[in-house]
1. If you take the charge dipole of region 14-94 about its Cα centre, with +1 on Lys and Arg Cβ and -1 on Asp and Glu Cβ, which of Val32, His90, Gly45 is farthest toward its positive end?
2. So what are the radius of gyration and Dmax for the Cα set of region 23-102, in Å?
3. Report ³J(HN,Hα) in whole Hz for each residue of region 56-65, in order, from the Karplus equation J = 6.51 cos²θ - 1.76 cosθ + 1.60 where θ = phi - 60°; Gly and Pro get x.
Amino acid sequence: MPENKHHSHQFHHHKGEKPAGEMSKQDYEKQVKHHKHLEHVGKLGAVAAVTFARHEKHKAKKDPENAHSHKIKEEIAATIAVGSVGFAIHEHHQKKDAKKQKESAFGKKHHLF
């Protein structure tokens, strides 16, 4: 095996991401904002998939000739919805981790109100 082969695992940084020691406060804030954005995308994907699944369920009742096809589409949409929710939860945890890293690196802000 070549010595320079790259192994992938959960502790590697994303491409273009600085190591923790080199990150500025703005870098952490960008990271939090990025994960928050992806969390919202995951939630929107889940809502869209659930809406489509319900639409197909309704179509299956209205169109008995093609009910099997509509039920398959409904199941696929439901599966996509579950995946989207999982992605949103993952990004929520990533966002929390980024906030904790920022707080440990720069201290926590204390609000008066």
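What follows is calculated from the coordinates using simple rules that are stated; it is not laboratory data. Treat the numbers as computed from the prediction; the structure is a model and nothing was measured. Counting neighbours? That spans all protein chains shown, and the Cβs are built from the backbone with ideal geometry, glycine included.
1. Gly45
2. 17.9, 61
3. The phi angles translate into 5, 4, 5, 5, 4, 6, 7, 10, x, 5 Hz.
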